[in-house]
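Below is one structure, written out as structure tokens; comments come after it.
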Amino acid sequence: MQKLLRLCYILPLLFILSCGSDKKENITSGNIDTEPTEESQITETSDNGSGTILFFGDSITAGYGLDDSANAFPGLIQEKIDSLNLNYTVINSGLSGETTAGGKSRIDWILNQDIDIFLLELGANDGLRGVPLSETRANLQTIINTVQKKSPDTKIILAGMQLPPNMGQDYTTEFKELFIEIAATNDIAFIPFILKDVGGIADLNQNDGIHPTEEGHKIIAQTVWEVMGPMVN
């Protein structure tokens, strides 16, 4: 039953990940074309750290639907860091509706600052549109290459996403595996599923049944911290 709930959750999630108050949407011939109306949301929750952690993603990272984006999981990571008296500043560079192509186009601008840890959470919107996996893979690899070239000492974490079976078994399986393969090929840290223990659980999602509540984001923050914690400690 829990697997079924998660599958039911992921499908609408992937649709709304491509939506958001920060986007214009045009629906043509069954395709959803989105175009950002402003630069990525960047929220600094502290300015007294000597190190920088940047979260680069879509509406999950941006904290879609929350009253205060500081309550999204990147902000909660900042609270955790502050409670441990660690010298890091968190920057939330999440943008609702972002694709890997969009991320690739803005990565150079984002890297106009020193970054110690870079968490990459993109790809779900590619899956929704049925973007060729080779394109998604190439875009993610380009983002990683750009970070490594411009900032060789930056530690990268890749967050994985999963698709519902209606996209086709081969596509969904390969989509899931491409994140695993990219993480292994580049020898970077990996979170298999960013919505682990949140997707499909009503009490942890907003009224739309899709986007995590503040409590849901707390669990996401715990999932992220399992990988990120050793890096900052």
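Nothing in this text is a laboratory measurement; each read-out follows from the coordinates by a stated rule. The structure presented is a predicted model; accordingly, all values stated were derived computationally and were not measured. Cβ atoms come from the backbone with ideal geometry, glycine included; neighbour counts cover every protein chain shown.
Quick one: of 149/176; 196/218; 104/149, which pairs are farther than 21 Å apart, Cα to Cα? In this structure, 149/176 exceed 21 Å between Cα atoms. Computed over neighbours whose Cβ is under 14 Å from that of residue 152, the net charge equals -1, Lys and Arg +1, Asp and Glu -1.
Overall shape: oblate for region 129-216, with the ratio a/c of the largest to smallest alpha carbon gyration tensor axis at 1.5 or above and b/c at least equal to a/b. Stokes-Einstein, applied to the Kirkwood radius of region 51-231 over Cα pairs at a viscosity of 1.306 mPa s and 10 °C, places its translational diffusion at 97 µm² s⁻¹.
Full extension of the chain segment joining residue 87 with residue 135 gains 13.6 nm, where the gain is 0.36 nm per residue of separation less the Cα-Cα distance.
Cα centroid separation, region 200-228 to region 162-196: 19 Å. Net charge in the neighbourhood of residue 124 (other residues with Cβ under 12 Å of its Cβ; Lys, Arg +1, Asp, Glu -1) is -2. If r is the Cβ-Cβ distance from residue 214 to residue 148 and R0 is 25 Å, what FRET efficiency results, to the nearest 0.05? With a Förster radius of 25 Å, E is 0.15.
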